[in-house]
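None of the figures in this text is laboratory data; all of them are computed from the coordinates on show. Just so we're clear, the structure is a prediction, and the values are computed from it rather than from any experiment. No Cβ is skipped: glycine too gets one built from the backbone with ideal geometry, and neighbour counts run over all protein chains shown.
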Amino acid sequence: MNDAQLLDDDARIAALRRLDVLDSAVEKPFEKIVTLVRTILAVPIATVTLVDRDRQWFKAQRGLDVQETPRSVSFCTHTIQQRDPLIIEDAHLDPRFADSPLVMGPPYIRSYAGIPLRTPEGYNVGSLCAMDTRSRRFSPADIAILSNFANIVCDELELRMIAQVDHLTGALTRRGFVEQAEREIARSRRSDRPTTLVMLDVDHFKSVNDTHGHVIGDQVLHQIAKIAGATLRPIDVFGRIGGEEFAILLPETGADEAMLVAERMRRAIADHPMRLPAGDRIHVTASFGVAALTPAVSTVTAWLERADTMLYAAKSAGRNCTRLADPA
């Protein structure tokens, strides 16, 4: 981890979103960990906390009766800004927390120990916390125990993500993408902010496989994913829907801006031929369909169908082009 990663909250939040764990259901591994932390360290409160843009959300918790609190009053927002554990022996004596509603009111936190939860990319997405309602000193042994449990939490989060990542391209699987899209629909409805879906399909991909073999075909798909990574923002979501078909979620993005993104990526694909082992080059293109989220779209399936219809309109128009769905 470097200082830039500690300071880049947008990239950190994007890493958190890639884990696809916010607002997810109860899962036993995390529940067991907070139960063990509370028992072994003899604290009344233990949490697996994930820090979103404006809130901290508890993936698992013992000793609290809420699922989330504002980030602005949280201890964990300080934990994720450093490499080392955050240890507070008496919050009443710490000016950062003395007036916090979590200290002055329920759950009356007096002491705190938090270990950053770090992704393989190096971003602190949350913390494993032990809290008490009285002042106390956390011993080196306590911190070592908490750190070991934090490593287990990180492993569980990584395994959870791997199950939803396409190993060839690094994109989300269809299942992972659909779950992200469901959350994005709900977020967009709550905030009344635009969001747009883009679908793309590699043109004449079957002929690439038939002519050059599946190994070369896989390399083409891998290159498409690399171009997407260079073109898209950290908050955008890239998924492999099936075969040579991909989808992109563009949060906070209207249809016109999404068309510019799709066109930029289309040109990048067309302008970057892939070199074969023998020295020859393969020129590939892709067709794009774009569909903004509208009030008429109530499900991810319906949204994908709108974008897919535009994708095939682009195919029918001669391929290597982009088509936009009507806003109705």
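Which trypsin sites (Lys or Arg not before Pro) from the stretch 46-89 combine a DSSP loop assignment with at most 13 other Cβ atoms within 10 Å? Don't jump to the answer; show the numbers that get you there.
Numbers: sites: 53, 55, 59, 62, 71, 83; in loops: 53, 83.
Taking the stretch 46-89 and a limit of 13 other Cβ atoms within 10 Å, the loop trypsin sites (Lys or Arg not before Pro) found are 53, 83.
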The stretch 56-121 and the stretch 262-328: distance between their alpha carbon centers, rounded to Å: 44 Å
If I model a spin label at residue 270 and residue 54 as a point 7 Å from the Cα along the Cα→Cβ vector, what separation in nanometres do I get? 4.0 nm
I want to verify the translational diffusion coefficient of the stretch 95-172 in µm²/s; compute it with Stokes-Einstein, Rh as the Kirkwood radius over Cα pairs, at 25 °C and 0.890 mPa s. 166 µm²/s
With the charge dipole of the stretch 174-324 built from beta-carbon charges (+1 for Lys and Arg, -1 for Asp and Glu) about the Cα centre, the Cα from 288, 200, 254 projecting farthest to the positive end belongs to 254
Can you tell me the length gained on complete extension of the stretch residue 192 to residue 316, counting 0.36 nm per residue apart and subtracting the Cα distance? 41.3 nm
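Using Cα pairs closer than 8 Å and at least 6 residues apart in sequence, work out the relative contact order for the stretch 3-162, in percent. Provide the component values of the computation, followed by the final result.
Working: 299 pairs, mean separation 38.7, N = 160.
Relative contact order of the stretch 3-162: 24 percent.
Give the relative contact order (percent, whole number) for the chain; include only Cα pairs under 8 Å separated by 6+ residues. Before the final figure, lay out each step's value.
On the way: 603 pairs, mean separation 46.4, N = 328.
Result for the chain is 14 percent.
Please compute the length gained on full extension between residue 210 and residue 294, using 0.36 nm multiplied by the number of residues separating them and subtracting their Cα-Cα distance. Walk me through the numbers on the way to the answer.
Numbers: separation 84, 0.36 × 84 = 30.24 nm, distance 3.97 nm.
Extra length available between residue 210 and residue 294 comes to 26.3 nm.
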Measure off 7 Å from each Cα along the Cα-to-Cβ vector at residue 302 and residue 147, then give the distance between these two points in nanometres to one decimal. 5.2 nm
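For the chain, what is the calculated [θ] at 222 nm in deg cm²/dmol (nearest 500), taking -39500 (n - 2.57) for each run of four or more DSSP H residues and dividing by its residue count? Show your work: numbers first, answer last.
Details: 11 runs with 138 residues, N = 328.
Counting only the DSSP helices, I get -13000 deg cm²/dmol.
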Angle between the Cα long axis of helix 174-191 and the longest principal axis of the chain, 0 to 90 degrees, nearest 10? 70 degrees
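What are the semi-axes of the equivalent ellipsoid for the chain, taken as the square roots of 5 times the Cα gyration tensor eigenvalues, largest first, in whole Å? Mind showing how you got there, number by number?
Numbers: eigenvalues 394, 91, 49 Å².
Its equivalent ellipsoid spans semi-axes of 44, 21, 16 Å.
Which FRET efficiency value, to the nearest 0.05, is calculated for residue 278 and residue 233 with the Förster distance at 25 angstrom and r the Cβ-Cβ distance?
0.10
Give, rounded to the nearest 20 debye, the magnitude of the charge dipole that the stretch 174-324 has about its Cα centre when Lys and Arg contribute +1 at Cβ and Asp and Glu contribute -1 at Cβ. Intermediate values should be presented prior to the final figure.
Numbers: 20 positive and 19 negative charges, 31 e Å.
Its charge dipole is roughly 140 debye.
Considering only the chain, what is the antiparallel percent among its DSSP beta bridges, to the nearest 5?
So the antiparallel bridges in the chain amount to around 90 percent.
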Would you mind computing, in nm to one decimal, how far apart the modelled labels at residue 168 and residue 39 are, each placed 7 Å from Cα along Cα→Cβ? 4.5 nm
Roughly how many debye, to the nearest 20, is the charge dipole of the chain about its Cα centre, given +1 on each Lys and Arg Cβ, -1 on each Asp and Glu Cβ, and no other charges? 200 debye
Rg/Rg_ref, the stretch 174-324, where Rg_ref = 2.2 N^0.38 Å and atoms are Cα: 1.04
Could you list log10 I(q)/I(0) for the stretch 3-162 at q = 0.12, 0.19, 0.21 Å⁻¹, which the Debye formula gives when each Cα is one point scatterer? -0.45, -1.22, -1.51
